[in-house]
Structure formats: C-alpha cells, structure tokens
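Quick notes on the structure that follows.
What follows draws every value from the coordinates through simple rules; no lab data is involved. All values derive from a computational prediction rather than experimental measurement. Here the Cβ is made from the backbone with ideal geometry for all residues, glycine too, and neighbour counts use every protein chain on show.
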C-alpha cells in the first residue's frame, strides 16, 4: 500500500512588503535585517546602486520596482542621506515619492544620525563627531551592525522614533534642512503594520 505524504509549506503569508531603496551599501542593509526580526512587515531592501551613488540612481531603482508591479498594500520607501547632494537632486526624488504616494526618508547628514538617536538626543553633536560618538555606544562600529543587533530592540526603536519626532517640530515638509532625520516616519509605518 502506498502512503500519500504531503508536506506543509514553510512559507508564511505576509500582509505587506516594504521595499526600501537605499544608497547605503552596508549600515542600512544590516540595520533593516535586524529590524526585520522585530516587525511583521516583510522588508525587502534594495541597494544595488552604481558605485558612485546619487539620488537619481535610487530613484531609478524605485521606478524599476514600481514598474514590475507591487500590490496595493505594499510600500516603496526611498532612504537617502543628505551628504553633499543638492536640494535640486533630492527634490526630484521627493516629488516622485509624493506624486506616486511612496515614502521618502532622509538623514542629514548621514544614516548614523538616526542610529545615534537610539542612545542619546543628538542635537548638540557636531557632524564631525557623529561617527566617533556612535562608536562609543557601538564599540568597533565600522559601518557594520552585525555585532550589535541586540542594541536595536523594539523599545529602543520606539525611543529613537520619539526623539526624532520631537526634533522634527514643526514637522519639516520635505527633509531636515539642518541636522535631523525623517527615518522615524518609515519606522512608524513599519511598526504600525
């Protein structure tokens, strides 16, 4: 007699996917891999941007993903640093996000500013001291967060969101002109799904 063995699928059904397109190649990828284990939304981070990143390449990647087709409940977020990009370069990306109803998150000057908010209110930190200050909280920080994944728990995420939101008062319409970050907007969406 032949037995009929059936195997249950190990794939979970997820409510939504958040496509995050980032120019960052290491820190942002590590960060969202850590965050993925703490939320129910699936994060698909895309960072295959040319060697010399620029907002226009991040935008091209977002358009490519959108053109492949995404479900209504899925989201696209563009994540960039202010760095030395001009307002005109950033505005092109911002306007596309607004027109297409997608998210735009910017850290001024760098994504590390967002990370520092996990540990302190960084309004008084000079830009030149940002990475040094962060390495005090994350010893051996070298763009990799793999050794520090326990430092980014849900309680700390909520604290960083709170601090960033308080700093964004009044709420900036586009992105922080001086030091600041709107990554908290992305995190609020991820935490609420």
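Computed from Cα atoms, the angle from the helix 154-167 axis to the main principal axis of the chain rounds to 40 degrees. Largest GNM mean-square fluctuation across 67, 149, 47, computed for the chain with C-alpha springs under 10 Å, falls on 67.
In nm, what is the difference between 0.36 nm times the number of residues separating residue 91 and residue 171 and their Cα-Cα distance? The partial results should precede the final answer.
On the way: separation 80, 0.36 × 80 = 28.80 nm, distance 1.70 nm.
That pair, residue 91 and residue 171, stretches by 27.1 nm at full extension.
With viscosity 1.567 mPa s and temperature 4 °C, the Kirkwood radius over alpha carbon pairs of the range 86-148 converts through Stokes-Einstein to a diffusion coefficient of 96 µm²/s. Rounded to the nearest 10 degrees, the angle from helix 183-192 to the longest Cα principal axis of the chain is 30 degrees. Over the chain, all Cα pairs binned in 10 Å intervals from 0 give whole-percent P(r) values of 8, 35, 36, 13, 4, 2, 1, 0, listed from short to long. Counted by neighbouring Cβ atoms within 10 Å, the residues 45, 70 run from fewest to most as 70, 45. Against the longest principal axis of the chain, how steep is helix 27-36, in degrees 0 to 90 to the nearest 10, with axes from Cα atoms? Approximately 50 degrees, to the nearest ten.
Based on C-alpha pairs under 8 angstrom that are at least 6 apart in sequence, the range 17-192 has a relative contact order of 25 percent.
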